[in-house]
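Participant: First the structure, which I've put down as structure tokens, then a few questions once you've had a look.
The values are calculated or read from the model by the stated rules, or taken from the named source; none is laboratory data. Keep in mind the model is a prediction, meaning the values are calculated, not measured. Backbone-built Cβ (ideal geometry, glycine too); neighbour counts: all protein chains shown. Quick note on the areas: whole protein, heavy atoms, side chains included, nothing else; ligands and nucleic acids left out. Shrake-Rupley method; radii C 1.70, N 1.55, O 1.52, S 1.80 Å.
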Amino acid sequence: MEAGCEIQVGKSFLKVGERLKEMEDSTKLLNDPQSLRKRIEEHGFALLRGVLDKKLVLKAREVVVKALHEEWSVIDVKNGDLMDAKTKGNSKGFLLTGYKPITHHQDVLNVLENKELAKLFQSMFEDIPTTFSNKWVRVQSSGQFTDAHSDFFRFATCAGGLHVCWIPLGNYTPRDGTLAVCCGSHKLPGYKEKFGTDMKCELPDGYREFSKDALWKTATFKAGDILVFDIRLVHASTANTTKAFRISMDTRWQPITAQGGNHYGFRVFQKSELVNG
């Protein structure tokens, strides 16, 4: 990101080097789960590079792009390769969350429920990992973005130890529409009050004042990178300023003991799936 330029984050325009900065790379903490947990507890997020096999990520991308072309006819194949996912005309992106022909296609599950991901969360949690069966799929075209929000409120009654894993299905810069986080927002008091149990709310009490001078961070991502963050962390996306779709997926992960024996809606990983080899 070029210092001094403005980038749209949600509905706000932030100047790089002032209220928008580069995320720190936490990949070195992959073999130090205690430090990784501390990093997320303190900062709310961890950027981890090359966790997933790039070939698997691109196969998952192919599933989405083919569906966009064959089922919705929104890919411009006359002026680019299908996998470039260029937008046809003024076609707009949309959410494909819960659309099982995509979210539960085996090539997609090979990424979203990847064994390496499960082992990562096992080491972080020091517990058997579970992942929410519903999967989020976001396809955004030029001018589109996700506004500031927290995922906490949809899980407020069962949010103990819950983390989000955001996965870009391609190589993206902030000009393509990358995820951005509001630093320190996971520590706001609003999550502890009744205000924070209303599913219609997407921001904690106190956020409006906090956001006036809050620092945001984002990064350039490559296929295989992931961003893990606290369920409470306020986040958004930068606006897509390109002529291609930005495609990402995200999942929810939780330690099994946080569920008190009720695993409804979650996939529980078996111990045999978490061994090496």
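Here's the yes/no breakdown for (1) in contact with a strand residue (DSSP E or B) (Cβ under 9 Å, 6 or more places away or on another chain); (2) of a type in the set (D, E, K, R); (3) under 26 Å from Ala148 (Cα atoms):
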site	(1), (2), (3)
Leu14	yes, no, yes
Glu22	yes, yes, yes
Lys28	no, yes, no
Asn31	no, no, no
Leu36	yes, no, yes
Glu42	no, yes, yes
Phe45	yes, no, yes
Glu70	no, yes, no
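Participant: Quick check on the range 1-23: of everything there that is free of Cβ contacts under 8 Å to residues at least 24 places away in the same chain and under 18 Å from Tyr172 (Cβ atoms), which residue is least open to solvent (accessible area, probe 1.4 Å)?
Facilitator: That would be Val16.
Participant: Still on this structure, please answer the following. Go through (1) among the hydrophobic types (A, V, I, L, M, F, W, C); (2) open to solvent by 80 Å² or more (accessible area, probe 1.4 Å); (3) in a loop (DSSP other than H, G, I, E, B) one by one and return the number of the condition Leu52 breaks.
Facilitator: Going through the list (1) among the hydrophobic types (A, V, I, L, M, F, W, C); (2) open to solvent by 80 Å² or more (accessible area, probe 1.4 Å); (3) in a loop (DSSP other than H, G, I, E, B), Leu52 breaks only (2).
Participant: Considering only the range 233-245, I want to know if a residue exists there that is touching a Phe, Trp or Tyr at 6+ places or on another chain (Cβ under 6 Å) and either more than 16 Å from Phe155 (Cα to Cα) or open to solvent by 60 Å² or more (accessible area, probe 1.4 Å) (or both).
Facilitator: Yes, there is a match, as at least one residue in the range 233-245 is touching a Phe, Trp or Tyr at 6+ places or on another chain (Cβ under 6 Å) and either more than 16 Å from Phe155 (Cα to Cα) or open to solvent by 60 Å² or more (accessible area, probe 1.4 Å) (or both).
Participant: Is at least one residue of the range 177-193 at pLDDT 95 or above and over 20 Å from His43 (Cα atoms)?
Facilitator: Yes; the residues of the range 177-193 include at least one that is at pLDDT 95 or above and over 20 Å from His43 (Cα atoms).
Participant: Right, next: Could you run through the range 235-275 and say how many residues are on the phi > 0 side of the Ramachandran plot and either among the charged types (D, E, K, R) or under 22 Å from the mean Cα position of the chain (by Cα) (or both)?
Facilitator: Qualifying residue count, the range 235-275: 1.
Participant: Just wondering, is there one or more residues in the range 161-176 that are open to solvent by 40 Å² or more (accessible area, probe 1.4 Å) and touching a Phe, Trp or Tyr at 6+ places or on another chain (Cβ under 6 Å)?
Facilitator: No, because not a single residue in the range 161-176 is open to solvent by 40 Å² or more (accessible area, probe 1.4 Å) and touching a Phe, Trp or Tyr at 6+ places or on another chain (Cβ under 6 Å).
Participant: Which members of the range 75-100 meet the condition of being open to solvent by less than 40 Å² (accessible area, probe 1.4 Å), among the aliphatic types (A, V, I, L, M) and under 15 Å from Val137 (Cβ atoms)?
Facilitator: Scanning the range 75-100 gives Ala85, Leu96.
Participant: Let me ask you something else. Out of the range 64-74, which residues are crowded, with 18+ Cβ neighbours inside 10 Å and either farther than 16 Å from Ala244 by Cα or of a type in the set (Gly, Ala, Ser) (or both)?
Facilitator: Passing the criteria: only Ala67.
Participant: Cβ-Cβ under 7 Å, sequence separation 6+ or interchain: first residue in the range 97-114 and within 10 Å of Thr251 (Cβ to Cβ) and of a type in the set (A, V, I, L, M, F, W, C), partner in a helix (DSSP H, G or I) and at pLDDT 95 or above. Which pairs?
Facilitator: Final answer for the pair search is Val111/Leu56; Val111/Val57; Val111/Ala60.
Participant: Next question. Filter the range 108-155 down to residues that are acidic (Asp, Glu) and within 15 Å of the chain's Cα centre (by Cα) and give me whichever is least open to solvent (accessible area, probe 1.4 Å).
Facilitator: Result: Asp151.
Participant: Still on this structure, I have one more. Can you find a residue that is over 16 Å from the mean Cα position of the chain (by Cα) and outside any strand (DSSP E or B) anywhere in the range 219-234?
Facilitator: no
Participant: Could you go through the range 77-86 and let me know if any residue there is within 30 Å of Pro33 (Cβ to Cβ), of a type outside the set (Lys, Arg) and modelled with pLDDT under 95.
Facilitator: The answer is no, given that none of the residues of the range 77-86 is within 30 Å of Pro33 (Cβ to Cβ), of a type outside the set (Lys, Arg) and modelled with pLDDT under 95.
Participant: Can you tell me which of (1) among the aliphatic types (A, V, I, L, M); (2) modelled with pLDDT under 95; (3) farther than 19 Å from Trp253 by Cβ is the one Ala148 doesn't meet?
Facilitator: Answer for Ala148: the failing condition is (2).
Participant: Taking the range 28-40 on its own, how many of its residues are touching a residue at least 24 places away in the same chain (Cβ under 8 Å) and open to solvent by 30 Å² or more (accessible area, probe 1.4 Å)?
Facilitator: Count: 3.
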